[in-house]
1. Would you call Gly8 buried (at least 20 other Cβ atoms within 10 Å of the Cβ), modelled with pLDDT of 90 or more and on the phi > 0 side of the Ramachandran plot?
2. Which numbered condition trips up Ala241, out of (1) free of Cβ contacts under 8 Å to residues at least 12 places away in the same chain; (2) in contact with a strand residue (DSSP E or B) (Cβ under 8 Å, 6 or more places away or on another chain); (3) of a type in the set (Gly, Ala, Ser)?
3. Looking only at the stretch 183-211, count every residue that is small (Gly, Ala, Ser) and closer than 24 Å to Ala9 by Cα and tell me the total.
4. Can you tell me which residue is modelled with the highest pLDDT among those in the stretch 16-44 that are charged (D, E, K, R) and over 16 Å from Ser75 (Cβ atoms)?
5. Quick check on my filter: what residues within the stretch 191-212 are touching a helix residue (DSSP H, G or I) at 6+ places or on another chain (Cβ under 8 Å) and at pLDDT 95 or above?
6. Identify, from the list Val104, Val94, Val141, the residue that is surrounded by 14 or more Cβ atoms within 10 Å (Cβ to Cβ), of a type outside the set (S, T, N, Q), modelled with pLDDT under 85 and in a helix (DSSP H, G or I).
7. So Thr13 clears everything in (1) at pLDDT 90 or above; (2) over 26 Å from Thr208 (Cα atoms); (3) of a type in the set (Ser, Thr, Tyr) except one condition, right? Which one?
8. Which of (1) closer than 20 Å to Asn219 by Cβ; (2) over 20 Å from the mean Cα position of the chain (by Cα); (3) at pLDDT 90 or above does Asn47 not meet, given it meets every other one?
Amino acid sequence: MKKVLVVGASGATGKLLVQQLLQQGIKVVAILRTTSTLLQTVDTKTNLHIVRANISDMSKYDLGLHLEGCDAVFSCLGHNLTFKGIFGKPRLLVTETIEKISRVIESINADKKVKIVLMNTTGNSNRDIPEQLPLSQRCIVSLLRLLLPPHVDNEAAADFLRLHVGQTHKYIEWVVVRPDGLIDENNVTEYDIYPSPTRNPIFDAGQTSRINVANFMSNLVINLELWDTWKGKMPVIYNQALCEREQI
């Protein structure tokens with residue numbers, strides 16, 4: 001693993017992901033909006049190249065220049081929790097970005113497969129399995145689709161990878177990482193990975209620290225065995241409960 005591209009690098013999880021990747025000696029190309037900040041959260045900038053641009057406005061040619069030679073692409077994109085961020089345009093920011101990146105990877109015709117790691121949510125079910133959701137959760141999710149465009153975006157982005165890229169793409173492999181209720185912690189702690197949620201994300205959500213999400217995402221592309229375990233899947237990540245950690 002030599003070079004990766006990160007979109008959403010200035011977000012709460014994206015910053016931590018960039019830091020984890022740099023600590024592993026990986027060259028990081030981070031695409032940031034012109035108003036975003038990142039540098040003060042990163043310990044070393046030796047292998048960091050910052051691109052100031054809105055990825056939705058970036059031409060495919062320019063994006064291709066930054067993707068050239070990349071082994072992996074990470075997306076920690078999300079919608080700002082403001083009225084404009086939730087209901088304004090682009091409503092399918094994540095989906096359109098993942099599709100754009102995929103099309104550019106296809107046009108490059110590289111001699112190796114590029115890994116795409118998409119940060120998503122446990123509120124989005126993996127319809128490849130499919131997952132059995134309780135009626136109460138299905139009702140709430142149906143309302144979310146009507147009322148909250150970011151939820152539709154999360155579902156559509158994962159569906160693009162599941163249905164359009166699929167499991168046997170010539171140039172792309174992917175993993176969709178689904179954390180539960182996100183919290184902030186200063187250090188990586190023990191965490192568990194499951195194929196599907198073990199808790200109801202609406203009425204009985206667990207906790208996942210952003211730094212653990214960043215650690216798992218970075219390890220996915222560094223550890224080939226871990227990648228082979230989860231490629232083409234939508235793993236769920238939970239922090240281990242404190243009582244479980246004390247027993248280890």
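The values are calculated or read from the model by the stated rules, or taken from the named source; none is laboratory data. Because the structure is a prediction, the values reported are computed rather than measured. Here the Cβ is made from the backbone with ideal geometry for all residues, glycine too, and neighbour counts use every protein chain on show.
1. Details: buried (at least 20 other Cβ atoms within 10 Å of the Cβ): yes; modelled with pLDDT of 90 or more: yes; on the phi > 0 side of the Ramachandran plot: yes.
Taking the combined requirement at face value, the residue satisfies it.
2. Ala241 satisfies all of (1) free of Cβ contacts under 8 Å to residues at least 12 places away in the same chain; (2) in contact with a strand residue (DSSP E or B) (Cβ under 8 Å, 6 or more places away or on another chain); (3) of a type in the set (Gly, Ala, Ser) except (2).
3. 1
4. That would be Lys27.
5. Passing the criteria: Tyr191, Ile193, Arg210, Ile211.
6. Testing whether each residue is surrounded by 14 or more Cβ atoms within 10 Å (Cβ to Cβ), of a type outside the set (S, T, N, Q), modelled with pLDDT under 85 and in a helix (DSSP H, G or I) leaves just Val141.
7. Tallying (1) at pLDDT 90 or above; (2) over 26 Å from Thr208 (Cα atoms); (3) of a type in the set (Ser, Thr, Tyr), Thr13 fails exactly one: (2).
8. Result: Asn47 fails condition (3) only.
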